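The values are calculated or read from the model by the stated rules, or taken from the named source; none is laboratory data. On a predicted model such as this, the values are computed, not experimentally measured, just so you know. Positions of Cβ are backbone-derived with ideal geometry, glycine not excepted, and every protein chain shown enters the neighbour counts.
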Amino acid sequence: MDKEIASELKAWIQFFRDMGIEDFYSRGAATEPAVENASPDAKTESPPAGPGVAHSPAAAPEPAREFRAVNTPAPISLSRPAQTLGLFESAPSEPQHKLETLDDVRKDLGDCHRCKLWSGRKHIVFGQGNPHAELVLVGEGPGADEDEQGLPFVGRAGQLLNRVLQLVEIKREEVYICNVVKCRPPGNRVPEADEVAACSPFLFRQFEAIKPKLICCMGAPAARTVLGVKEGITKIHGQVFDYSGTKAIVTVHPAYVLRNPREEKILRGDFEKIKEFIAR
Ligand code: URA
């Protein structure tokens, strides 16, 4: 196998591992490697940041729904002997995939060095709140206060978020709050495509562990990462989208409202909708 293909395969396998997919097998030399089926592009492009992720460094990753499409059924093992059952025997149950908890996801994230953001962080900001929340709020990435405390939305944007939650009578401790990237981008810049690609599998696994009724994407990076939407947030805010069997709504980021105080009505209006949706 030539070096380039080998390193491409390595990148894919690491991506699948980060997505929590561990079952790999080889079909032998005569057939295509199994992982190459995951994306028609994989063979011809440079090593991917993840399936469905455009390969240009500036491009944004495709949404989670695309990622899920590669979660194909586990391969059938040919080594298991054929079984015949007696009349009163029941078939042994197939081993079930154990559902991951948030703790499992956090453990797997570990002392993450998967992208360059690790070098400037004080703390990984994994997320905070009810592990069985009906509502998950997703921001962009930790700021200075969040990096300092290891908790999401504890700075000025967090205080505004708290106020809006209070206005619509949603208790902060009842929801789960996290970000697209778990380490602070330098100078609070927007997370770059490779950083989002490295970190977003953990966000999607957080969704899987929590199984919320509604995901709220606050700001463009969250909306783009989760839903793949590219339209301006002020155009599509308040709309409910399908996200892989659950629902997701988009709203403006509280930091945007801090810079544009007159837009607070958008955030409040969307959170009123969220409250209504959750109460249904
Ligand atoms: N902005 C974010 O996007 N996330 C935080 O946790 C804080 C500010």
(message) With the requirement that a residue be part of a strand (DSSP E or B), more than 10 Å from the ligand (Cβ to nearest atom) and within 23 Å of Gly110 (Cβ to Cβ), what does region 127-146 give you?
(response) Gly129, Val136
(message) What pairs come out if I take residues in region 147-160 that are outside any helix (DSSP H, G or I) and pair them with residues that are surrounded by fewer than 16 Cβ atoms within 10 Å (Cβ to Cβ) whose C-beta lies under 7 Å away, six or more apart or interchain?
(response) Gly150/His123; Gly155/Ala144
(message) Looking only at region 161-186, how many residues end up being farther than 15 Å from His253 by Cα and not in a loop (DSSP other than H, G, I, E, B)?
(response) 7
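Please tell me if Pro152 is within 14 Å of the ligand (Cβ to nearest atom) and within 16 Å of the chain's Cα centre (by Cα).
Yes.
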(message) Against the conditions (1) outside any strand (DSSP E or B); (2) crowded, with 24+ Cβ neighbours inside 10 Å; (3) touching a helix residue (DSSP H, G or I) at 6+ places or on another chain (Cβ under 8 Å), where does Lys122 fall short? Just the number, please.
(response) (2)
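Looking at the structure I just gave you, is Val181 in contact (Cβ under 8 Å) with a residue 60 or more places away in the chain, of a type in the set (A, V, I, L, M, F, W, C) and either crowded, with 21+ Cβ neighbours inside 10 Å or under 21 Å from Ala220 (Cβ atoms) (or both)?
Yes; evaluated as a whole, the condition is true for this residue.
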(message) So in region 164-178, with the set limited to residues that are surrounded by 21 or more Cβ atoms within 10 Å (Cβ to Cβ) and over 25 Å from Pro261 (Cβ atoms), which one is farthest from the ligand (Cβ to nearest atom)?
(response) Tyr176
(message) Take residues that are surrounded by fewer than 17 Cβ atoms within 10 Å (Cβ to Cβ), of a type in the set (Lys, Arg) and without any contact (Cβ under 8 Å) to a residue 12 or more places away in the chain and tell me which of the strands (runs of 3 or more DSSP E) falling wholly in region 189-252 contain 3 or more.
(response) none
(request) Have a look at Val240, Val226 and point out the one that is within 16 Å of the ligand (Cβ to nearest atom), modelled with pLDDT of 95 or more and touching a Phe, Trp or Tyr at 6+ places or on another chain (Cβ under 8 Å). (result) Val226
(message) Taking the criterion of being more than 20 Å from Val164 (Cβ to Cβ) and surrounded by fewer than 15 Cβ atoms within 10 Å (Cβ to Cβ), would at least one residue in region 255-268 satisfy it?
(response) no
